[in-house]
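K.L.:
Sharing a structure here in structure tokens format.
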Amino acid sequence: MSAARRDERWKVSFPTEVRFRRLDDEALVFNPARWETRLLTTVSAAVFEALRKSPATAEELAATVAGLEPAGASPAEIQQRVREILDELNRFDLIRPCAGFPDANR
Amino acid sequence: MRIGDLDSAALARRLAGEGIALDLGAARVRVRAQAPGLAEALRTVYWAYPAEEASGFFDITVRIERPRGIRRFVGPQVIFVVDGGRPFEPFPSDTHLPLLEWGVNYCFAERCHDHLVLHAGVVERRGHAVVLPALPGSGKSTLTAALVCRGYRLLSDEFGVLRLSAGTAVPMLKPLALKNESIDVIRAFAPGVVLGPRFPKTRKGTVAHMAPDESSVAGRLTAARPSLIVFPRYVAGTELQCIPVPRSRAFTRLAVNSFNYAKLGPQGFDAVGDLVEACECYSLRYSSLDEAVETVDELIEIVSEDEFAAPRLEVLNP
């Protein structure tokens with residue numbers, strides 16, 4: 001079960017220091033805080049890329065990546081998948097919740 | 001004068017005195033030694049290298065010594081010494097060349113972090129460097145040797161050395177270490193190839209070193225831009241299979257395969273990313289060397305068609 005809340009807004013942890021490289025459908029990201037590299041598969045890469053542009057909620061991100069999910073996936077299923085991705089990115093310290101919603105862009 | 005032009009006695013005297021300088025491209029090495037038989041082995045596998053005086057700056061300075069005491073006579077051994085330290089246990093005295101080669105590799109991998117260093121063979125044809133990264137036992141050295149026997153320039157057997165900023169592959173040109181069955185496979189593949197003595201019962205089995213050819217030695221100060229990454233894997237009796245590897249997956253395989261990716265951090269990330277973006281990436285499973293070489297030839301043809309005007313070869317420290 002995902003810990004990411006529906007209304008929680010997320011942002012990239014180290015927006016200026018993080019290294020991000022999109023390679024075809026996937027991406028690699030280097031986390032300067034942990035000095036480690038992660039492979040992001042198609043949907044995870046799209047989620048992270050969207051968060052690099054601006055903070056967003058799981059619902060907003062689900063709308064962004066809907067086209068990448070298998071045909072027939074319901075909006076609820078896509079949101080659930082996005083929340084799981086957010087949990088994972090958070091666990092790797094690549095993203096974090098914004099300090100105070102709706103003051104989202106800091 | 002080349003090392004091969006010296007007689008063994010003269011080379012042994014140099015080794016016992018000031019030593020010899022080996023300019024390998026990415027590193028300049030000073031070797032001093034007192035080990036019976038080593039001069040003759042070096043003379044064979046480094047025959048095309050210039051016989052330089054041991055002066056100037058060295059990246060790595062090593063000695064092969066015989067221990068004092070009873071080990072000089074009973075079960076004689078040799079010791080690898082670098083900067084006064086002995087990073088390895090002694091080897092039997094008749095495995096002097098493998099000890100020297102592994103020792104220099106160890107020093108390079110431990111120290112030379114101004115480049116991205118991959119565990120990979122690197123060859124070049126028509127200005128296109130081909131990087132062949134693989135884990136030990138994958139058939140990397142055998143395929144690298146076969147490509148060299150078919151006219152590719154050898155940059156490296158063990159180390160794919162890439163400049164961090166420029167992305168060019170720098171030669172780290174050493175004799176190519178063949179192991180076990182590969183020795184006879186390459187001997188049959190190219191009967192004229194120069195192989196050094198066989199060293200049985202090393203920790204990697206029987207080892208013999210293939211001498212770099214004259215043109216590879218002459219080009220050891222010329223870097224080349226990689227265009228191809230080929231992950232080779234020898235599987236006995238298999239049909240040849242060459243399939244594209246997504247760049248993201250090539251990235252992870254290279255990072256795992258690198259000697260110093262973790263140390264370099266963001267610089268390593270950028271260097272590996274630049275490398276895979278500049279290259280077509282393939283996985284090559286093979287059992288026939290002829291077929292594998294032919295396939296790499298075809299891949300070179302493909303990348304050559306995408307040629308742009310940028311120079312692909314670059315002389316180091318012109």
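The values are calculated or read from the model by the stated rules, or taken from the named source; none is laboratory data. Given the structure is predicted, the values throughout are model-derived calculations rather than measurements. When we count neighbours, we look across all protein chains shown, and the Cβ atoms used for this are built from the backbone with ideal geometry, even at glycine. Ligands, DNA and RNA are stripped out before the accessible areas are found, and what is left, the full protein with its side chains, is counted by its heavy atoms. Shrake-Rupley method; radii C 1.70, N 1.55, O 1.52, S 1.80 Å.
K.L.:
Of the residues in segment B:181-194, how many are out of contact with any helix residue (DSSP H, G or I) (no Cβ under 7 Å at 6 or more places or on another chain) and surrounded by 15 or more Cβ atoms within 10 Å (Cβ to Cβ)?
P.N.:
Matching residues across segment B:181-194 total 2.
K.L.:
Now for a different question. Which residues, taken from segment B:38-52, are small (Gly, Ala, Ser) and either open to solvent by 50 Å² or more (accessible area, probe 1.4 Å) or at pLDDT below 95 (or both)?
P.N.:
Hit for segment B:38-52 is B:Ala51, nothing else.
K.L.:
Okay, moving on. Here is a check on your reading of the model: is B:Pro197 more than 14 Å from every other protein chain (Cβ to nearest Cβ), touching a Leu at 6+ places or on another chain (Cβ under 8 Å) and open to solvent by less than 30 Å² (accessible area, probe 1.4 Å)?
P.N.:
No, not satisfied.
K.L.:
Can you find a residue in segment A:44-52 that is more than 10 Å from chain B (Cβ to nearest Cβ), of a type in the set (D, E, K, R) and closer than 29 Å to B:Asn260 by Cα?
P.N.:
yes
K.L.:
I've got another one for you. What is the residue count in segment B:170-197 for residues that are more than 12 Å from B:Val45 (Cα to Cα) and either aliphatic (A, V, I, L, M) or not in a strand (DSSP E or B) (or both)?
P.N.:
Residues in segment B:170-197 being more than 12 Å from B:Val45 (Cα to Cα) and either aliphatic (A, V, I, L, M) or not in a strand (DSSP E or B) (or both): 17 in total.
K.L.:
Kindly evaluate B:Arg111 against the criterion of being over 30 Å from B:Asp270 (Cα atoms) and open to solvent by 60 Å² or more (accessible area, probe 1.4 Å).
P.N.:
No: the conditions fail for B:Arg111.
K.L.:
Limited to segment B:203-249, what total is found for residues that are open to solvent by 50 Å² or more (accessible area, probe 1.4 Å) and touching a helix residue (DSSP H, G or I) at 6+ places or on another chain (Cβ under 6 Å)?
P.N.:
Count: 2.
K.L.:
Here is a further query. What's the number of the only condition in (1) in a loop (DSSP other than H, G, I, E, B); (2) open to solvent by 20 Å² or more (accessible area, probe 1.4 Å); (3) within 21 Å of B:Leu289 (Cβ to Cβ) that B:Gly167 fails to meet?
P.N.:
Result: B:Gly167 passes all but (3).
K.L.:
Pairs needed: first member in segment A:19-39, more than 8 Å from chain B (Cβ to nearest Cβ); second member anywhere, among the polar types (S, T, N, Q); C-beta distance under 9 Å; at least 6 residues apart or different chains.
P.N.:
So the pair list comes out as A:Arg22/B:Ser248; A:Val29/A:Thr37; A:Asn31/A:Ser13; A:Asn31/A:Thr37; A:Ala33/A:Ser13; A:Arg38/A:Asn31; A:Arg38/A:Ser44.
K.L.:
Only one of these conditions is not met by B:Val122: (1) surrounded by fewer than 19 Cβ atoms within 10 Å (Cβ to Cβ); (2) touching a strand residue (DSSP E or B) at 6+ places or on another chain (Cβ under 8 Å); (3) of a type outside the set (Phe, Trp, Tyr); (4) not in a loop (DSSP other than H, G, I, E, B). Which number is it?
P.N.:
Only one criterion is unmet by B:Val122, namely (1).
K.L.:
I would also like to ask the following. For segment B:214-282, which helices (runs of 4 or more DSSP H) that fit wholly inside it have 1 or more residues that are of a type in the set (S, T, N, Q) and away from chain A (no Cβ under 14 Å)?
P.N.:
Because the criterion is at least 1 residues that are of a type in the set (S, T, N, Q) and away from chain A (no Cβ under 14 Å), the helices (runs of 4 or more DSSP H) in segment B:214-282 that meet it are B:214-218.
K.L.:
Let me ask something additional. Look at B:Ala262 and say whether it is surrounded by fewer than 22 Cβ atoms within 10 Å (Cβ to Cβ), farther than 30 Å from B:Glu40 by Cβ and among the small types (Gly, Ala, Ser).
P.N.:
Yes: the conditions hold for B:Ala262.
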